[in-house]
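K.L.:
One structure, pasted below without further comment.
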Amino acid sequence: MTTIDAGPAWSAWTQITPVLTARAANAPYVRAQIPLSVAAGENGDFPSLRVVGADGREVPYALDPELQRAEDRAVPLIDVGFVPRRGTQGVVDLGTSGTVVDAVTVEVNAARESTFLEPVAIDASDDRRTWRVVRTDAIIYRVAQDAGRGNTTLTFPPTRSRWLRIRVPNPDIAFPLSGARAGSTTPLQPALVRVPVQPTERDDPANHEQSWTFALPVPTRTKAVTFTDGGAFYQRSVTIDLSPDGHTWGTVSSGWVSHYPEGGSQTTFSLAEVTTRYVRVTVRNENDSPVSGLRPTLLARPHAIVFARGDSDRLLAGNPSAAAPSYDLASRLSHERWHAADATLGPTVANAGYRDPRPIGERYPWLLTSALVAVAAALGFLALQTLRPVSR
């Protein structure tokens, strides 16, 4: 299947993504994650996004409604401490019941740290002497300006181990871990995801700089930049710039990335969630050699929509002239108990019924130029005929 016809009412939309849900799922609503290929608006909405049923009728949706938490339980967080140059750690005691656990939500003192984005490593142990690494790439975050929303739930392969060691490797300041809850497999906000775009690298040996430019296929709201380093040890200054067109740039973040032999590291930058098309990451090496293996990756906060379950629902996008829709579903969901079946999405395909809605002059500007040239030529010919002497 290479194309789908969305119907005559949706001929101005270019792309269609089928929504796939389990037939046996007993839920009145469906939750689907918005693909990163759908352009984000300046205000964090998705102006061209529509949900359409099999009959072509528009289906109202709620953008990022409050997710339902799974049952969880408070667990002791002990031995919390900070070691300069290494970071903060605490140990979670899951008890002796042997219950399988695959997620822990850490609580953070918001009075001390209202906005943060930190990488986290997790180790497991049965005796608090021998530890095995279960995850090194988790990220927790919270944004005070976004009503304190974020995600501090750490997921990992299921374990029956009693002890979990939570490590926040920021080597410079103590991170205010204040508690923990086990069993929360559904966080209030989703974990950050990698933006699947490879940057173009340009090095400037004269100025001792390395820069990577990400050209995003559609406007995207990036949330963070994280670095991989191949195990090298270093400290470098970093500047992150954004641009809507690849020509005019503005700096949105600057600071340091580091990885030290004793274990401390800081390799993730939080960004203001701004809609952009281009991201440039610049590392300044000063008089040091470039760090072999140092590479940036963009992270974004995934967004989801919830809508009433139907048959053969589809997501439509790709109409730059569309205005963001307004539905009352989000308000209704906030006043009722609800649950939704998680959907997967099929491959995005072209709308076979697409018809460019722009006036013909905008679609084919060369026609207007040709017409003006033809008119100018005709007027010139008439002028010459008028000025030509009349033979007697």
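K.L.:
So is D203 charged (D, E, K, R), outside any loop (DSSP other than H, G, I, E, B) and not assigned by TED's automatic domain parsing to the domain that holds Q33 or not? So that I can check it myself, show each step before the final result.
P.N.:
Details: charged (D, E, K, R): yes; outside any loop (DSSP other than H, G, I, E, B): yes; not assigned by TED's automatic domain parsing to the domain that holds Q33: yes.
For D203, the condition - charged (D, E, K, R), outside any loop (DSSP other than H, G, I, E, B) and not assigned by TED's automatic domain parsing to the domain that holds Q33 - is met.
K.L.:
Next question, about the same structure. Looking only at the stretch 96-125, which residues are modelled with pLDDT of 90 or more and within 12 Å of R162 (Cβ to Cβ)?
P.N.:
Answer for the stretch 96-125, where residues must be modelled with pLDDT of 90 or more and within 12 Å of R162 (Cβ to Cβ): A124, S125.
K.L.:
Here's something else I'd like to know. Quick one: which of G148, G87, G95 is surrounded by 17 or more Cβ atoms within 10 Å (Cβ to Cβ) and on the phi > 0 side of the Ramachandran plot?
P.N.:
G87
K.L.:
Could I ask something else about it? If a residue has to be over 25 Å from F269 (Cβ atoms) and either in contact with a helix residue (DSSP H, G or I) (Cβ under 6 Å, 6 or more places away or on another chain) or surrounded by 16 or more Cβ atoms within 10 Å (Cβ to Cβ) (or both) to count, how many in the stretch 151-164 make the cut?
P.N.:
The total comes to 5.
K.L.:
Which residue out of A308, A352, A323, A317 is at pLDDT 85 or above, within 24 Å of Q15 (Cβ to Cβ) and crowded, with 16+ Cβ neighbours inside 10 Å?
P.N.:
The conditions single out A317.
K.L.:
Mind listing whichever residues of the stretch 280-315 are among the β-branched types (V, I, T), closer than 25 Å to F214 by Cα and either part of a strand (DSSP E or B) or not assigned by TED's automatic domain parsing to the domain that holds V257 (or both)? Please lay out each step first, then the result.
P.N.:
Step one: of the stretch 280-315, the residues among the β-branched types (V, I, T) are 281-283, 291, 297, 305-306.
Then drop every residue that is not closer than 25 Å to F214 by Cα, which leaves 281-283, 291, 297.
Once the filter is applied, which keeps residues that are among the β-branched types (V, I, T), closer than 25 Å to F214 by Cα and either part of a strand (DSSP E or B) or not assigned by TED's automatic domain parsing to the domain that holds V257 (or both), the stretch 280-315 yields V281, T282, V283, T297.
K.L.:
Quick one: count up the residues across the stretch 253-279 that are closer than 15 Å to S211 by Cβ and either surrounded by fewer than 17 Cβ atoms within 10 Å (Cβ to Cβ) or touching an Asp or Glu at 6+ places or on another chain (Cβ under 6 Å) (or both).
P.N.:
Residues flagged as closer than 15 Å to S211 by Cβ and either surrounded by fewer than 17 Cβ atoms within 10 Å (Cβ to Cβ) or touching an Asp or Glu at 6+ places or on another chain (Cβ under 6 Å) (or both) within the stretch 253-279 amount to 2.
K.L.:
Of the conditions (1) in the same structural domain as E107 (by TED's automatic domain parsing); (2) crowded, with 16+ Cβ neighbours inside 10 Å, W212 satisfies every one except a single condition; which number is it?
P.N.:
(1)
K.L.:
Return yes when R142 is of a type in the set (D, E, K, R), without any contact (Cβ under 8 Å) to a residue 40 or more places away in the chain and not in a strand (DSSP E or B) and no when it is not. Step through it out loud before you land on a result.
P.N.:
Working: of a type in the set (D, E, K, R): yes; without any contact (Cβ under 8 Å) to a residue 40 or more places away in the chain: yes; not in a strand (DSSP E or B): no.
Spelling it out, it is not the case that R142 is of a type in the set (D, E, K, R), without any contact (Cβ under 8 Å) to a residue 40 or more places away in the chain and not in a strand (DSSP E or B).
The values are calculated or read from the model by the stated rules, or taken from the named source; none is laboratory data. Bear in mind the structure is a predicted one, so any value in this text is a computation, not a measurement. Note: ideal-geometry Cβ built from the backbone for every residue, glycine included; neighbour counts use all protein chains shown.
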